[in-house]
Amino acid sequence: MINERITDAVCALIRKISIRLPDDVSNGLSEMAKREDSPRAKELYGCIFDNVKKAAELNRPICQDTGALQFFLKTGTKFPYLDDAEDSVREAVRRATKEIPLRPNAVESFEERNTGDNTGTRAPWTEWEIVSGNSDLRVGVYMAGGGCSLAGRAKVLMPLEGYAGIVRFVFDTVTEWGVNACPPLIVGVGIGACAPTAAALSKKALLRPVGSFNPIAKIRETERRMKEGLDAIGIGPLGMSGKESVQCVNIECAAHHPATLAVGLSVSCWATRRGSVLIKSDLSTE
Ligand code: SF4
């Protein structure tokens with residue numbers, strides 16, 4: 001059943017994130033622009049900020065590709081409207097597609113038919129996390145653009161390939177595909193026992209704010225060194241060369257099997273669109 005208040009809250013969230021950049025991304029890009037010294041890189045950042053400003057003035061999405069919508073629902077076991085959550089989110093997507101508007105990007109596989117409203121079989125993609133004893137619902141959303149999704153990969157390495165194998169995989173993929181993904185990029189890396197775990201963690205890594213660091217020192221240091229190395233490739237803003245190519249590298253890990261070391265890679269573009277809304281048990285929102 002559709003709960004209008006949940007639908008309203010999620011629709012408002014989609015509107016907000018499709019039209020304005022998250023503060024961490026916007027601030028990070030401004031700092032990167034200041035660090036560039038070539039006129040071309042500076043001009044390209046100027047185009048990005050112009051684009052963002054015009055989107056706000058015209059109340060329109062910051063990119064024509066409004067992506068595939070992906071939801072991360074973190075629900076308390078005591079949230080009273082749990083039965084309505086999924087239907088309400090789907091309805092919010094339909095409504096947002098029409099009202100904002102968003103480009104319809106859901107094409108049914110094999111039929112190759114665009115559904116016209118960004119919903120379809122398992123679309124929007126929804127992941128659930130259950131929190132015992134809690135009575136709130138947090139709805140997180142990420143809009144995955146086509147260009148940046150092209151770089152997504154997951155692979156299971158032999159454990160002897162080690163962390164050097166993970167670094168090689170990430171660098172090879174970003175070198176080959178990073179330019180298609182409208183840099184500067186957010187690079188999400190997932191590590192775990194199998195490909196689906198690593199892929200899911202790499203997407204989760206994209207949701208971590210720019211400027212945040214993994215609390216584990218070895219992982220934090222790897223994030224820092226990978227950013228340094230990827231910047232040195234010189235892809236630059238919009239792939240036209242520059243001092244920095246990535247906004248950050250975020251790594252999320254799960255324990256792996258002794259015989260496997262799986263790595264997943266997800267990439268997000270300069271127009272990273274993500275955010276969340278907290279819906280409380282009385283349906284008030286934050
Ligand atoms: S990669 Fe990002 S900025 Fe580029 S077209 Fe796709 S959504 Fe837009």
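Debye sum, Cα scatterers, the range 147-268, no solvent: what log₁₀ I/I(0) at q = 0.21, 0.23 1/Å? These q points yield log10 I(q)/I(0) values of -1.15, -1.35.
Evaluate the relative contact order of the range 1-156 (contact order divided by residue number), counting alpha-carbon pairs under 8 angstrom at least 6 apart; express in whole percent.
33
Shown for the chain: cysteine residues without a partner Cβ closer than 4.7 Å, namely Cys11, Cys47, Cys63, Cys194, Cys248, Cys253.
Over the chain, what is the relative contact order in whole percent, taking alpha-carbon pairs under 8 Å and six or more residues apart?
Details: 609 pairs, mean separation 73.3, N = 286.
Relative contact order here is 26 percent.
Could you tell me the ratio Rg/Rh of the chain? Both radii from Cα atoms, Rh via Kirkwood.
Numbers: Rg = 19.2 Å, Rh = 19.7 Å.
Radius of gyration relative to Kirkwood radius: 0.97.
Over the range 146-250, what is the relative contact order in whole percent, taking alpha-carbon pairs under 8 Å and six or more residues apart? The partial results should precede the final answer.
Numbers: 151 pairs, mean separation 31.7, N = 105.
Taking the mean separation of contacting Cα pairs over the length of the range 146-250, I get 30 percent.
Sorting Cys248, Cys253, Cys47 from the fewest to the most surrounding beta carbons within 10 angstrom yields Cys47, Cys253, Cys248.
Computed on the Cα atoms alone, the convex hull of the range 78-227 gives a volume of 169 cubic angstrom per residue.
Please go through the range 71-123 and write out the GluC sites (Glu not before Pro) that DSSP classes as loop and that have at most 15 other C-beta atoms within 10 Å.
On the way: sites: Glu86, Glu91, Glu99, Glu108, Glu111, Glu112; in loops: Glu111, Glu112.
Counting only loop positions with at most 15 other Cβ atoms within 10 Å, the GluC sites (Glu not before Pro) in the range 71-123 are Glu111, Glu112.
State, to one decimal in nm², a quarter of the convex hull surface area for the C-alpha atoms of the range 234-286, i.e. the direction-averaged projected area.
Working: hull surface 28.2 nm².
The number I arrive at for the range 234-286 is 7.1 nm².
Distance between Cα centroids, the range 147-214 to the range 110-146: provide it in whole Å. The two parts, judged by their Cα centres, are 21 Å apart.
Just so you know, all these numbers are worked out from the coordinates, no wet-lab data involved. Remember, it's a predicted structure, so these values are computed and weren't measured experimentally. In this analysis, Cβ positions are derived from the backbone assuming ideal geometry, glycine residues included, and neighbour counts consider all displayed protein chains.
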